[in-house]
Amino acid sequence: YVTGSFDYPRGTIEMRKYFTLAQRADGSGRHVLAVGGDFGITGPNTPIYDNFFAGGYSTLRGFRFRGASPRTDNVIVGGELQLLGTVEYMMPITADDSLRGVVFCDFGTVEAGTSIDQHNIRVAPGFGLRISVPALGPAPIALDFAFPVNDAAGDETQVFTFFIGMGR
């Protein structure tokens, strides 16, 4: 799996929509509702390292990195189908917008095959903080607490997630 060539079909679609619900007269202090989704499908000859995985900040908060992914013999192998979504509401806490609060709900699944098993759909609502540090530029520090209310057998959960960067 490290060398050689592989031929397999793969397609992904990612959509995000942001709604400004309120803001100050000068355009700061925005209250933003974000809705997003990811859909991906890949062929059965896909090498393991290119399969879809879920868990962690950019996919399903409330689950360890890749901890909500298909397994074979207790080894995380990823899947051929990914369907993930998120709804997030962000509001300012401080007047300079350097500290913002978020509430969110992440949901979705990664499946070994191309059909969705309703028992594998994960749901994790939560809340968090976004801290903007001028020295880091536009990259906020994200501190999130997510609580999986629906998980699948063998999932590895994680309440706290820390991230630095532009994602989500």
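The values are calculated or read from the model by the stated rules, or taken from the named source; none is laboratory data. Quick caveat, the model's predicted, so the values are computed rather than measured. A quick note on method: Cβ atoms are made from the backbone with ideal geometry, for glycine too, and the neighbour counts reach across all protein chains shown. SASA here: full protein model, heavy atoms, side chains in, ligands and nucleic acids out. Shrake-Rupley method; radii C 1.70, N 1.55, O 1.52, S 1.80 Å.
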Check your understanding: So, in segment 7-48, of the ones that are of a type in the set (Lys, Arg) and exposed (fewer than 15 other Cβ atoms within 10 Å of the Cβ), which residue ends up farthest from the chain's Cα centre (by Cα)?
Key -> Arg24
Point to revise | Among residues of segment 49-59, those that are at pLDDT 90 or above and touching a Gly at 6+ places or on another chain (Cβ under 6 Å), counted | key: 4
Review point. Residues in segment 139-147: is at least one at pLDDT 95 or above, within 17 Å of Leu81 (Cα to Cα) and surrounded by 19 or more Cβ atoms within 10 Å (Cβ to Cβ)?
Key: no
Check your understanding: Just a yes or no: is a residue in segment 149-165 open to solvent by 70 Å² or more (accessible area, probe 1.4 Å), in contact (Cβ under 8 Å) with a residue 40 or more places away in the chain and more than 19 Å from the chain's Cα centre (by Cα)?
Key -> no
Point to revise | Residues of segment 109-138 satisfying the condition of being farther than 26 Å from Asp50 by Cβ, surrounded by 14 or more Cβ atoms within 10 Å (Cβ to Cβ) and of a type outside the set (Phe, Trp, Tyr) | key: Val123, Pro125, Gly126, Gly128, Leu129, Arg130, Ile131, Ser132
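Please verify whether Leu60 is in contact with an Asp or Glu (Cβ under 7 Å, 6 or more places away or on another chain), within 19 Å of Leu33 (Cα to Cα) and open to solvent by less than 40 Å² (accessible area, probe 1.4 Å), treating the condition exactly as stated.
When the stated conditions are applied, Leu60 passes them.
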